[in-house]
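Please read the structure below before turning to the comments.
What follows is calculated from the coordinates using simple rules that are stated; it is not laboratory data. Worth saying up front: this structure is predicted, and the values here are computed from it rather than measured. Neighbour counts run over all protein chains shown; Cβ positions are idealised from the backbone, glycine included.
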Amino acid sequence: MTTPHLLSVADLGADGISEVLDVSDSFVEVSERAIPKVPALRGKTVVSLFYEDSTRTRLSFETAARRLSADVMNFSVKGSSAAKGESLRDTVQTIDAMGVDAIVVRHSSAGAPWQVASWVGASVINGGDGWHEHPTQALLDCYTIRKARGPLDGLRIAILGDIKHSRVARSNVLAFTLLGAEVTLVAPPTLMPPSLEGWPVAASYDLDDVLPKADVVYVLRLQQERQSEALLPSLREYTATYGLTRERARLLGEDALIMHPGPMNRGVEIAAEVADFPASVVTRQVANGVAVRMAVLFMLLGSEPNG
Ligand code: ASP
């Protein structure tokens, strides 16, 4: 049997996504218990191998693994032999040789988790690769929307902001559309991907036109660390035209949800107060992320003999 991995949302398909969301329900229940821990992955070891910064994803995976009673190893480039120039391949093969069961990889290069999967015997989970994909973010976003609004089929979701540099946008376009949502990308022309060919989405440059029709507005962080050229005249201008300001948020329907993957630049892509509106489910996204990652780890590792 080949080792199961979670590298892209596309690997799951609509049925696979729905299955993860269904399993997540039971782990939300576990997370709400006085002692939020089950023995499902006792004896398993999960490693987080992060070559890029992270707050939410790393802590969320580590919490998820611990709640399933797995052992957790944490690898940071800083303080490791990678900082001495050890290659990715040598690093992961060293970790794999210690007998680990899953490796959560974050890397600045698109495709790195696929390479890692080809070198090791452990299950590999993509924790974000460059501009490419962030599948567990998409799964927790689908879970959050489904819990708040029911099935995604027919929902109108606007993804707003720095689409070009966003792995979250790429995974979410796949996941939302696989589940039947109608997705509209809203961004200035310089922050749209160069081509939308093959993306089953609409695109707009007019946020005020899109907001009243949206069931969900998904705001992306302006990823200045990934912008090598000047793509915006100024931050102030960006906020004026594409920021989810207090005035703009009033254009949203009564039941519309406001989402953001974090970290937020309050006052840039989203007004500080809008991030705390009752319509904002940003902290629910984080809470659900732990249960969804428990589901992913359990589905990848839980069916083996000592699981
Ligand atoms: N935390 C998300 C990511 O790692 C979104 C972001 O950084 O803006 O892709």
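Things to note:
- Qualifying residue in the range 247-259 (condition: within 23 Å of GLY130 (Cβ to Cβ) and crowded, with 23+ Cβ neighbours inside 10 Å): yes
- THR94 being part of a helix (DSSP H, G or I), more than 28 Å from PHE27 (Cα to Cα) and of a type in the set (S, T, N, Q): yes
- Yes/no for LEU139 being touching a helix residue (DSSP H, G or I) at 6+ places or on another chain (Cβ under 9 Å) and either within 15 Å of the ligand (Cβ to nearest atom) or not hydroxyl-bearing (Ser, Thr, Tyr) (or both): yes
- Subset of the range 268-307 that is free of Cβ contacts under 8 Å to residues at least 24 places away in the same chain and part of a helix (DSSP H, G or I) - its residue that is surrounded by the fewest Cβ atoms within 10 Å (Cβ to Cβ): THR283
- Being within 16 Å of the ligand (Cβ to nearest atom), small (Gly, Ala, Ser) and more than 21 Å from the chain's Cα centre (by Cα) is a condition met by at least one residue of the range 253-269.
- Looking only at residues of the range 189-203 that are in contact (Cβ under 8 Å) with a residue 24 or more places away in the chain and outside any loop (DSSP other than H, G, I, E, B), we find that the one that is farthest from ALA148 (Cα to Cα) is THR190.
- Evaluation of LYS44 against (1) under 20 Å from the mean Cα position of the chain (by Cα); (2) more than 16 Å from the ligand (Cβ to nearest atom); (3) closer than 18 Å to ALA102 by Cβ; (4) crowded, with 18+ Cβ neighbours inside 10 Å (one fails), failing number: (1)
- Tally of residues being outside any strand (DSSP E or B), touching a residue at least 40 places away in the same chain (Cβ under 8 Å) and over 16 Å from ASP162 (Cα atoms) across the range 219-267: 6
- Against the numbered list (1) away from the ligand (no atom under 16 Å from the Cβ); (2) closer than 30 Å to GLY198 by Cβ; (3) of a type in the set (S, T, N, Q), SER54 comes up short only at (1).
- Scanning the range 140-176 for residues that are touching a strand residue (DSSP E or B) at 6+ places or on another chain (Cβ under 8 Å), part of a loop (DSSP other than H, G, I, E, B) and crowded, with 22+ Cβ neighbours inside 10 Å yields a total of 2.
- Within the range 62-89, residues that are in contact (Cβ under 8 Å) with a residue 40 or more places away in the chain and buried (at least 17 other Cβ atoms within 10 Å of the Cβ) reach partners that are in a helix (DSSP H, G or I) and among the small types (Gly, Ala, Ser) with beta carbons closer than 7 Å, at six or more positions or on different chains, in the pairs ARG67/SER31.
- Residue count for the range 85-131 under the criterion of being of a type in the set (Ser, Thr, Tyr) and within 16 Å of the ligand (Cβ to nearest atom): the result is 2.
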